[in-house]
Structure formats: C-alpha cells, structure tokens
1. On the basis of being of a type in the set (D, E, K, R), assigned to a strand (DSSP E or B) and surrounded by 15 or more Cβ atoms within 10 Å (Cβ to Cβ), does residue 148 make the cut?
2. For region 141-154, indicate whether the set of residues that are touching a residue at least 24 places away in the same chain (Cβ under 8 Å), farther than 18 Å from residue 72 by Cα and not assigned by TED's automatic domain parsing to the domain that holds residue 339 is non-empty.
3. Just to verify a result, which residue in region 142-159, among those that are in contact with a Gly (Cβ under 9 Å, 6 or more places away or on another chain) and under 25 Å from residue 360 (Cβ atoms), is farthest from the ligand (Cβ to nearest atom)?
4. What is the number of the single condition among (1) touching a strand residue (DSSP E or B) at 6+ places or on another chain (Cβ under 8 Å); (2) of a type in the set (A, V, I, L, M); (3) crowded, with 19+ Cβ neighbours inside 10 Å that residue 264 does not meet?
5. What number of residues within region 69-122 are out of contact with any helix residue (DSSP H, G or I) (no Cβ under 8 Å at 6 or more places or on another chain), aliphatic (A, V, I, L, M), within 30 Å of residue 391 (Cα to Cα) and not in a strand (DSSP E or B)?
6. So is residue 448 touching a residue at least 60 places away in the same chain (Cβ under 8 Å), within 30 Å of residue 45 (Cα to Cα), touching a strand residue (DSSP E or B) at 6+ places or on another chain (Cβ under 7 Å) and in a helix (DSSP H, G or I) or not?
7. Identify, from the list 190, 228, the residue that is exposed (fewer than 15 other Cβ atoms within 10 Å of the Cβ), more than 16 Å from the ligand (Cβ to nearest atom) and not aromatic (Phe, Trp, Tyr).
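The values are calculated or read from the model by the stated rules, or taken from the named source; none is laboratory data. The model shown is predicted, which means the values in this text are computed figures rather than measured ones. In this analysis, Cβ positions are derived from the backbone assuming ideal geometry, glycine residues included, and neighbour counts consider all displayed protein chains.
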Amino acid sequence: MNTEYTPKKPQVSPLAEGLVSRTLPAALGADGKPDAASAAFARAVGYGFYEPWHSDEQLERVVPTFAEDGQELTGVYVDPGFASLEPWGETLEQLGFDAEHPVGTFADFDKTLNAGGAEPIEARLITDVTVSASFRRRGILKHMMTSRLAQAVEDGLPLAALTVSEGSIYGRFGFGAATREQGLQINATTAGDGFALRTPAAGTVLTVDPSKTAELLKETFARFHAGTRGSVERTPWYWKAGSGRWDPENITSWNRKVRTIVHVRDDGSIGGYAAFRFMGWDTEPHTMRVLDLIAVDASSRIELIRHLASMDIVQRLTLPRQEAGEDPLAAALVNPRARKVTDENDVLWLRILNPVTALQARAWGADGQFSLSITDSLGICAGTFVVSISDGAAQVSSTQGTTTPQHFSLDVETLGSLYLGDISVLTMREAGRITADDDADWGALSATFDLPTKPYCATHF
Ligand SMILES: CC(C)(COP(=O)(O)OP(=O)(O)OC[C@H]1O[C@@H](n2cnc3c(N)ncnc32)[C@H](O)[C@@H]1OP(=O)(O)O)[C@@H](O)C(=O)NCCC(=O)NCCS
C-alpha cells in the first residue's frame with residue numbers, strides 16, 4: 001500500500017490559434033486603484049454575466065476585494081497580430097473592446113470548507129467563469145479549467161469547488177453537485193394556513209442599525225461555518241452587502257432598503273441575524289424578503305423567523321436560500337402548510353483532486369472498511385483507495401490492485417456528490433452511478449458513508 005499519494009496533473013487542453021492565456025493576481029497600482037489588467041478582467045466578467053459595464057468607481061470597490069481574497073485572475077486574450085490577418089480583424093480593432101479585455105475569464109482562490117471532520121479543509125474556489133459570446137465553443141473554458149486544475153494539483157489542494165449557472169457544464173470536468181438549498185415562502189398572517197408556532201419565544205429579537213453590523217456578520221458567520229457541514233468561508237462581499245454598505249444593484253451606493261435583526265439569547269450572546277427588505281406597498285400580499293439569515297442553531301433561526309412573521313402589516317415572508325432537508329421550523333409550526341417550499345437548487349459543486357486528504361477530512365456515519373476504485377476522465381485521481389474508519393476518523397491509502405472484501409467503483413463526479421452527505425450511496429446505486437462486487441454489503445457501506453443530516457452551503461461565489 002502507498003500512503004504517500006500524489007494526484008496527477010491533468011493534461012492542459014490547448015487554446016485555438018490566435019488566443020493567449022495569462023494568469024495574474026488581482027492587484028492594485030501604486031495609487032491604490034485597480035491595475036489595468038484587473039480592471040479589464042472585472043469588466044469582462046460583468047459583461048459575460050450580462051451585467052452593466054462597471055464604472056471606474058465600481059471597480060475601485062470590487063477589485064480590492066478580489067485582491068483581499070488573493071484571487072488569481074486567468075484571462076484569455078485575442079492576439080492582435082493574429083486577428084489582423086483575419087477578415088474580422090479590422091472590425092475588432094476599430095469597434096471591439098481594447099485588446100487588454102479578455103474574451104475568457106476564470107478566477108480562483110482558496111477558502112476553507114467544513115467537510116464534517118475535525119478540521120475544515122482547504123478548497124480551491126473557482127468563480128467568474130465567462131467566455132465572450134463571439135468566442136464560445138472553441139475550447140476556451142476547457143483550456144482555463146484544465147490549466148487551473150493542474151495548478152490546484154501542483155499547489156496540493158485536495159479539492160476544487162464552484163457554484164454554477166447551468167447544471168450541464170461542469171460534470172465533464174469531474175465536479176458533482178454536493179449541496180442543495182430551498183426557497184421558502186411563509187404565510188405571515190394568522191388566519192387559515194397562517195403562522196403560529198408550538199414553542200414559546202426564547203430570547204429577544206432586536207432591530208439594529210445595518211451600518212454597524214459588518215463585524216457581527218463576520219463573527220456570526222464564523223461560528224455558523226465552524227458548526228455546519230457543507231459551509232464555505234465567505235468573501236468580503238457578504239459583509240459589505242449585508243451591512244448595507246454596497247447596494248448589489250450599484251456597489252457605489254448604500255443599500256438603504258436593507259433592515260437587520262439579531263437574536264439575543266438569554267445569556268446575552270447573539271445566536272443569529274437576518275438581513276431583509278420590504279418589497280414595497282404595491283406588492284400584494286405585503287412581503288418581507290430575507291436577503292441573508294445566518295443562525296448558529298435552529299432555535300435562533302426559528303426566533304428570527306417568528307419575529308419577521310409577526311411584524312405588523314407583513315403578510316408573507318420569502319426566504320430564498322434555506323437549508324434543504326428536514327426543517328425544524330416545519331415541525332415547530334402549528335400548521336405546517338404555513339411554510340411552502342417554492343424551489344430547490346444545487347449550490348456547491350465539488351471536484352475531488354486528492355481522495356486521500358479529502359476523505360480523511362470528511363465526516364463518517366460509522367466505523368468500517370471498504371475500498372473505492374475511482375475513474376477520472378481528466379486522470380487526476382484515478383485509482384483504487386482503501387478507506388478504514390476507526391473512532392469516526394478515516395485513514396485512506398492508495399493501493400495497486402489490493403482491495404478489501406467491500407469493494408466499490410464510481411467516478412470522481414459521483415464522489416463529489418457523495419462527499420458531504422447530500423445523497424446516499426444507496427440512491428447512487430439505484431441511479432447506476434456506484435457499483436460493487438457481488439458479495440459487497442451495501443447496508444454496511446451506507447452505514448459508514450451516509451450521514452444523518454444534509455449539508456448546507458450558505459455561500460454563493
Ligand atoms: C459556459 C461557458 C463558460 C462555456 O465556455 P466555452 O469556452 O464555450 O466552453 P468550451 O468550448 O471550452 O466547452 C467545453 C465543453 O463544454 C461544453 N459546454 C460548454 N458550455 C456548455 C453549456 N452551457 N452547456 C452544456 N455544455 C457546455 C462544450 O460543448 C464542450 O464539450 P466537449 O468537451 O464535449 O466538446 C460560456 O458559454 C459562458 O460564458 N456562458 C455564460 C456565462 C456562464 O454561464 N458562465 C458559467 C458560470 S458558472
């Protein structure tokens with residue numbers, strides 16, 4: 001058995017002729033303003049997501065947060081010399097964006113993921129993936145993804161993570177959907193299917209000044225992150241938007257619509273906060289929309305929702321990004337129909353790069369031993385691994401052919417979806433995505449691999 005395991009770097013898919021790729025850190029110039037490459041990158045990202053063209057003032061706010069996170073910005077650029085020989089070259093030169101604007105963008109940086117083990121695990125987060133509509137489907141994404149995954153392997157990262165605009169893009173690169181969230185609608189009236197809780201109120205909910213909350217949001221989130229499997233550390237964007245400093249519609253303005261409440265427990269500690277906004281007098285029924293709600297336990301979450309639902313004039317609450325799975329709020333309601341799930345979406349997608357480090361950092365349902373044969377179309381972590389869990393902690397080693405009596409096979413995308421416990425190995429078996437030798441004990445694998453609660457990622461990036 002080989003306890004020293006090193007994943008393989010994937011082969012980098014080449015760019016088409018006339019395109020060049022450069023990776024630079026997000027940076028500010030000597031005057032404290034974004035450097036030209038970072039500014040052009042940020043503008044191209046906004047444009048790629050069909051957002052308005054960033055103003056200089058907006059860039060002066062957004063680029064420093066990229067730099068604070070240590071983001072590496074990979075841009076793909078059109079070589080002007082090549083373009084000048086093409087029939088479209090003259091038009092591009094006269095009417096196109098300046099050559100410093102990339103036609104492909106891809107940013108990555110590191111944050112921790114709570115995988116349920118003793119310590120959070122380092123993850124390479126990928127964001128700002130766009131390709132100009134005029135240059136799509138000629139392998140730019142494939143190049144950026146393979147070259148940056150190669151860098152992540154070289155840097156020793158155990159996994160990569162992203163959130164997606166479309167579910168069809170990233171499975172081919174070995175990413176599997178790993179957490180989900182639900183949109184909730186709550187009937188805040190007291191009649192019919194209206195809101196009433198079985199439990200008496202606990203602690204106090206206070207209305208606070210949003211502009212004073214940036215540190216509170218950070219500290220509360222840090223406690224939530226430490227206690228929530230599936231949580232990813234947040235970027236500075238959250239503290240600025242959450243405290244009203246940045247209006248998401250225009251980050252150079254304050255968001256004057258944001259309102260904030262905190263739940264103060266009987267011992268004086270803060271158990272959670274909700275940032276929310278009123279949707280306006282013309283919206284019927286009168287609705288409060290929760291922009292962000294982070295609570296360190298179910299009791300504080302229920303108290304925050306109780307407070308919002310009992311505000312005068314408010315007839316409906318909408319909570320877009322709530323934990324999927326069993327909800328204590330539903331069980332606490334006198335009438336469970338006061339709470340409706342309006343939609344469900346995947347959030348975090350994971351790409352395992354190093355199964356040894358990654359599996360050692362996850363939570364386990366029970367002790368046991370099994371082996372996993374992993375296939376990986378990028379070749380990064382294809383191989384067989386023996387996993388032995390004792391006292392809740394796993395020892396994982398790669399092996400050349402020696403397997404345990406409990407031997408299972410799956411691809412790396414499936415492993416990503418199983419990793420945080422969002423889906424059971426038994427469901428994956430029924431979907432035909434994990435197979436086993438004839439004598440394997442699926443019940444034992446499920447007891448070991450599956451987890452009693454769903455993971456929750458409250459971070460979008
Ligand atoms: C999604 C996007 C980045 C793809 O970039 P691209 O350079 O056209 O992708 P590539 O040419 O490298 O395609 C690589 C593979 O993915 C496939 N693919 C690309 N975009 C896809 C999509 N939206 N749906 C399904 N498959 C897609 C390609 O067909 C190709 O498949 P192949 O390997 O079997 O040939 C680009 O279309 C885009 O900018 N979209 C709008 C912004 C966005 O949604 N970004 C993603 C944010 S998470």
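1. no
2. Looking through region 141-154, none of the residues is touching a residue at least 24 places away in the same chain (Cβ under 8 Å), farther than 18 Å from residue 72 by Cα and not assigned by TED's automatic domain parsing to the domain that holds residue 339.
3. Ranking the qualifying residues of region 142-159, first place goes to 159.
4. Exception for residue 264: condition (3).
5. Going through region 69-122 one residue at a time, the tally reaches 1.
6. When the stated conditions are applied, residue 448 does not pass them.
7. Checking each option against the conditions leaves just 190.
Conditions tested, residue by residue: (1) within 9 Å of the ligand (Cβ to nearest atom); (2) at pLDDT below 95.
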{"position": "99", "(1), (2)": "no, yes"}
{"position": "107", "(1), (2)": "no, no"}
{"position": "111", "(1), (2)": "no, no"}
{"position": "114", "(1), (2)": "no, no"}
{"position": "117", "(1), (2)": "no, no"}
{"position": "123", "(1), (2)": "no, no"}
{"position": "126", "(1), (2)": "yes, no"}
{"position": "140", "(1), (2)": "yes, no"}
